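In what follows, a structure is listed as structure tokens, so that the remarks can point back to it.
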Amino acid sequence: MTLIKKLCMPICSAIGNFWLLLAGVLLVADLWVIFLWAPRDTALGDIQRILYLHVPAAWVSFFAFFIVFCMCTWYFIKRSDKADRIAHASAEVGILFTTIFLLSGIIWAKPVWGVWWTWDPRLTTTLIMWLIYSAYLMVRAYAGSDKRAERWSAVIGILGFFNIPIVYASTIWWRTIHPQQMVGPASDPSNALPDPMRITLYFSVLVFTVLFFVLLNIRYNILSAERKIAIIVDQSNHERV
Amino acid sequence: MTTRRKYFIFIALVVAVLSYFTYDAMKGAAVYYLTVTEAVGQSSDQDTVIRVNGKLVQASFVRGGDRIESHFDVTDDISIMTAHFSGVLPDLFFNENSQLVLEGSFDEESVFQVQNILVKCPSKYVAEEEKSSA
Amino acid sequence: MKKILLSLLCLTTLCSLAANSVTSQSTNNLIFLFSAYLVLWLGFFVYVIFLKTKQKDLQSEIEQLQVTLDKS
């Protein structure tokens, strides 16, 4: 009983946060649209509905890492602590979405392609993306508030971004088992999604983006508070000496 | 061990793992799969495991006596290649819009011995009509 | 209260989905569909719990600071 209480307490109080609650409600609405409103695909059947979580998670990952790239560049120009913290928060939330994106792909591949994983260009480049940003977060985790670590991770954040256009274009440049883009600038008009599916996908992308910003904001605030506390502790130690 | 040495070791490890993955992905061929025509061109090479992409020739499909063995042809509209597979076929194997990616190697009679079948499904999704009878 | 409402909504959605799918054609792939969405929700919950733990740590650190400040 106490264990359940211990597990539930943080969730309860987290839901007390208005924005998080809004994101949760939107996510439930998204489930409703995906499962009850969107039509079933003729060839794949219900399993095709993974699209509405796979593609938005991919979009949010790319977006999150784009923010990391911008903030790391800004950090190098201005040496801004704020940019460094936004980059850190964005990379962390981004890796969460990339993990979801990769796992949903793996779960989708098994029933449709017949294997969990194959060393296809799209899959390989995505895994590399995941590893690059894991490396980024690990450098941060091991180095704490060391200035050198901030610079190191900013270098990873900038260089790592060059992999993302490769991930995106991998289905166009190389022979791959992965389906081609169905929406967006690189999509082939002959693959266009039927309207209800496209609307569902756009709605899902919107919901995931909102959720991303909510999580990013919470993480950023925590990082800022940690920084402030560290500064105060540092000052009081100084005064005592 | 200093913190700085820890990063170096860590980053070196990540780079090593990444290079290994890239090498593994590119090994054997610079491309993920060959077309049927390209594969037939090197059918004398029986040692290398390759991936071949083609469409199933529906009429060519024959099941063996024990229901596990299957023989079929795949084509890229230029060449045709005979393949043999023993195992459970994936769900969308017979779907006329899907393509197959076969992993395996040629035997002495130039029959492609399939170890693994992957289905490359259509990129186009089509909404199912509302079922009024359901 | 909010939590109960949320879980109810979630449960209703899942149940109606299940009912909807069972009545129509093949159900063997549904386990994959469910696991994908389960991964999504679990991922979010775990992350939110992680954030909440961080926040609690901060809270206790601030309280400790307050105590040391009061003493001095």
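The values are calculated or read from the model by the stated rules, or taken from the named source; none is laboratory data. Computed from a predicted model, the values in this text were never measured in an experiment. For neighbour counting, all protein chains shown are included, and Cβ atoms are generated from backbone atoms with ideal geometry for every residue, glycine included.
Any residue in region B:56-70 that is at pLDDT 80 or above, within 24 Å of A:Ser170 (Cβ to Cβ) and part of a strand (DSSP E or B)? Within region B:56-70, not a single residue is at pLDDT 80 or above, within 24 Å of A:Ser170 (Cβ to Cβ) and part of a strand (DSSP E or B). Per the listing A:Val68, A:Val139, A:Val155, the residue uniquely among the hydrophobic types (A, V, I, L, M, F, W, C), over 25 Å from A:Ile34 (Cα atoms), crowded, with 23+ Cβ neighbours inside 10 Å and within 14 Å of chain B (Cβ to nearest Cβ) is A:Val139. Every condition in (1) surrounded by fewer than 18 Cβ atoms within 10 Å (Cβ to Cβ); (2) under 30 Å from B:Arg51 (Cα atoms) is met by A:Leu193 except one, and the failing one is (1).
The residues of region A:72-115 that are touching a Cys at 6+ places or on another chain (Cβ under 6 Å) and closer than 23 Å to C:Leu51 by Cα amount to a single one, A:Ala87.
Since B:Val49 meets every condition but one in (1) crowded, with 19+ Cβ neighbours inside 10 Å; (2) of a type in the set (A, V, I, L, M); (3) in contact (Cβ under 8 Å) with a residue 60 or more places away in the chain; (4) farther than 19 Å from A:Ala109 by Cα, which condition does it not meet? Failing condition for B:Val49: (1).
Considering region A:77-117, the residues that are farther than 16 Å from A:Arg49 by Cα and of a type in the set (Lys, Arg) include one that is surrounded by the most Cβ atoms within 10 Å (Cβ to Cβ), namely A:Arg85. Condition check for A:Ile218 on (1) closer than 28 Å to C:Lys54 by Cβ; (2) in contact with a Pro (Cβ under 9 Å, 6 or more places away or on another chain): one failure, at (2).
Taking first residues from region B:13-24 that are closer than 11 Å to A:Ile128 by Cβ and partners that are at pLDDT 70 or above, the Cβ contacts under 7 Å between residues at least 6 apart in sequence or on separate chains come to B:Val14/A:Leu131; B:Val14/A:Ala135; B:Val17/A:Leu131; B:Leu18/A:Ile128; B:Leu18/A:Leu131; B:Phe21/A:Thr124; B:Phe21/A:Leu127; B:Phe21/A:Ile128.
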